[in-house]
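Asker: Below is the structure I would like to discuss, written out as structure tokens.
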Amino acid sequence: MKSTTFPPLHVEPSLRSAMEGVLEEGESLSNFVGKALRAQVELRRHLAFPASTMPAVERDALMALREPAQS
């Protein structure tokens, strides 16, 4: 499958610094963002399952991850 690119992502300088500070050796910002996007897609697919089918502890943990981060 042919890959595609996203439009430029505008972030605050502090967020970019934070991202650069957690990169693994040899990892680029592009790789980091790609991993984050894939992780979010998987999380949201998992959350799409009916909540009644998962244990309450797991459901609560996933819902906490889904809440937007406070800035």
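Every number in this text was worked out from the coordinates using simple rules, so none of it is lab data. Computed from a predicted model, the values in this text were never measured in an experiment. Don't worry about glycine lacking a Cβ; one is built from the backbone with ideal geometry, like all the others, and counts go over all protein chains shown.
Asker: To the nearest 10 degrees, how steeply does helix 56-66 sit against the main Cα axis of the chain, on a 0 to 90 scale?
Answerer: 30 degrees
Asker: Related question: Quick one: if the Förster radius is 35 Å, what FRET efficiency do V57 and A36 give, using the C-beta to C-beta distance and rounding to 0.05? Could you put the intermediate results ahead of the total?
Answerer: Numbers: r = 25 Å, r/R0 = 0.71.
After rounding to 0.05, the efficiency reads 0.90.
Asker: Could you give the length gained by full extension between R66 and S28, i.e. 0.36 nm per residue of separation minus their alpha carbon distance, to one decimal place?
Answerer: 11.1 nm
Asker: With Rg/Rh (Cα atoms, Kirkwood Rh) as the read-out, I listed (1) 1.02; (2) 1.05; (3) 1.08; which label goes with the value calculated from this structure?
Answerer: (2)
Asker: Tell me the label-point distance for the pair S17, R44, using the 7 Å Cα-to-Cβ offset, in nm and rounded to one decimal.
Answerer: 3.0 nm
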